[in-house]
Every structure is written in C-alpha cells, then in structure tokens.
Amino acid sequence: MERKELLAVLILAALVGLVAVLRIVQVPSGLERRPRRPTSRAGNGAGGKKAEADTEPSRLRLLWPHPREKYVPRAPEARAWFDAAEQVMAEACVEATEAEHKRTLFMAAMPIYQRFIERYGAERTVEVARFRIAQCLTLSNRYAEAAEAYDSFLAEHPQSPLRAMALLWSGDSHANAGNQPMARARFAAVIESGPDFLAADARRRLAQMEEGEKKPAPSGVRGEP
C-alpha cells in the first residue's frame, strides 16, 4: 500500500511540473550558488545586464532556499517523497504566475511534506520539510497559522542554518497577522545575526513599519522584477 501511495504522489508531482519540468530541474543548482559581486562596470551596457543577472540567485534563495546536499535524504524512497514535494514547491515559486494557482500549488505541497515528516522523522531533511510547510502557509495567506509554524520551528531547531530565513519569514507572517511587536522583534533578530542579504530585507521592512506604510508582503511575492 505504501508503494502505491508513493507512486500516486510521484504521478501528481510529475503532472504538476510537466509544462516546466526542464526549468524546475535546473533551479536547485542556481539556488545553491551565492550571488557574485557585480563588476565595476555594472549599470552600463552588457555589464549592467550581467550585474542584474547576478542578483537572481539571491532572490531565489530568499524565496525558496534549496537544501544543502547534507540535508537531502539518503534513502531512495525518502528522497522520492521529498523530491515530489520540492517539485510542487518549485512549480509554485518559479513557474506559476496567477496568485490563485500559486496558492493551490502551495496547499498541494503541504500534505506531501507532512507525509514525509510522518514517515521519515529520523531524517535530517525533516527540518527542511517543517520550514517548507511554514512557507506554504505564509504564501497561502494563512498568516496566523504560519506564524505559529515558524515559532515552533525556531523553538525546535535553534541552531538550524535556516534560522535567519525562518526569522525573516516569521516577521512577515506576524506583521500580516497583526502582531507588530513580534514582527519587529523578528526583523531585529535578522538584522543582528543574519547574513547581509537577509538583513537588508529586514531593515527595509522595519522601515516600512516605522513609517506606517502598508504591512510587508510575504517573502517572494512582493512583485519584484
């Protein structure tokens, strides 16, 4: 029965990503690369185009950070479950253009990640799957549930390499759920200890809040070019 269930999930993931499967396969390697420093001629002619392209890995990592190899499941069946969920997530993040289509895909990915957690709780990749579920909640506009999911993740994985990313997404979710004090605390924590590209985003969002502007939009769906 378990193998039939796995086969059904794999077929679903294949159908979801059929149109863009070639691009989806190429996404992970791009996400693992750190953005290169722009050249001194950035902004002029071909140099400007190159500098613009160099920022793309950073944007993708902000939206959908691909797990490092040590976090990828070793067992073939576990890897198949995880990859199926990742493929649906990739389709939503990279290929889907309509907001409702994105939400549908994020909601479809959640039970696959949850099933992976239930079946392979000893795998280190469970940490990534829990973070993914929280991301799916944020990107489905279920902010209160997402905030709880990030809080649980941060409590259960205090040393996670995804901690700074989780703090940033937690701030987004708390802000959109109406908990401004917690949102400010989360953004401040990212600024204090997070990598530069995340700290810069957190500063911008804090500035928005302090100026009384519209609440920060969820990471990855802010309408960036």
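The values are calculated or read from the model by the stated rules, or taken from the named source; none is laboratory data. Since the model is a prediction, treat every value here as computed from it, not as a measurement. Cβ: placed from backbone, ideal geometry, glycine included. Neighbour counts: every protein chain shown.
So the values come out like this:
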item: Residue within region 211-223 that is acidic (Asp, Glu), modelled with pLDDT under 95 and either surrounded by 16 or more Cβ atoms within 10 Å (Cβ to Cβ) or in a helix (DSSP H, G or I) (or both) present; result: no
item: Qualifying residue in region 101-111 (condition: of a type in the set (Val, Ile, Thr) and surrounded by fewer than 17 Cβ atoms within 10 Å (Cβ to Cβ)); result: yes
item: Residue in region 115-125 that is in a helix (DSSP H, G or I), within 16 Å of the chain's Cα centre (by Cα) and buried (at least 16 other Cβ atoms within 10 Å of the Cβ) present; result: no
item: Flag if ILE133 is under 19 Å from TRP169 (Cα atoms) and among the hydrophobic types (A, V, I, L, M, F, W, C); result: yes
item: Which listed residue is among the small types (Gly, Ala, Ser), without any contact (Cβ under 8 Å) to a residue 40 or more places away in the chain and either within 22 Å of CYS136 (Cα to Cα) or part of a loop (DSSP other than H, G, I, E, B) (or both), from ALA202, ALA188; result: ALA202
item: Verdict on ALA144 being part of a helix (DSSP H, G or I) and either touching a residue at least 24 places away in the same chain (Cβ under 8 Å) or surrounded by fewer than 20 Cβ atoms within 10 Å (Cβ to Cβ) (or both); result: yes
item: Filtered residues of region 148-202 (kept if farther than 21 Å from HIS66 by Cα and among the hydrophobic types (A, V, I, L, M, F, W, C)); result: ALA155, ALA175, ALA177, MET182, ALA183, ALA185, PHE187, ALA188, ALA189, ILE191
item: Residue, farthest from GLN114 (Cα to Cα), within region 171-185, restricted to residues that are assigned to a helix (DSSP H, G or I) and free of Cβ contacts under 8 Å to residues at least 24 places away in the same chain; result: PRO181
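Listed here are the residues, each with its yes/no results for (1) acidic (Asp, Glu); (2) in contact with a Pro (Cβ under 8 Å, 6 or more places away or on another chain).
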site: ALA80; (1), (2): no, no
site: ALA85; (1), (2): no, no
site: GLU91; (1), (2): yes, no
site: ALA96; (1), (2): no, no
site: ARG103; (1), (2): no, no
site: PRO111; (1), (2): no, no
site: VAL128; (1), (2): no, yes
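A quick yes/no check of all residues on (1) surrounded by fewer than 22 Cβ atoms within 10 Å (Cβ to Cβ); (2) basic (Lys, Arg); (3) over 15 Å from the mean Cα position of the chain (by Cα):
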residue: ASP151; (1), (2), (3): yes, no, yes
residue: GLU156; (1), (2), (3): yes, no, yes
residue: LEU168; (1), (2), (3): no, no, no
residue: ALA177; (1), (2), (3): yes, no, yes
residue: ALA189; (1), (2), (3): yes, no, yes
residue: GLY194; (1), (2), (3): yes, no, yes
residue: ALA199; (1), (2), (3): yes, no, yes
residue: ARG203; (1), (2), (3): yes, yes, yes
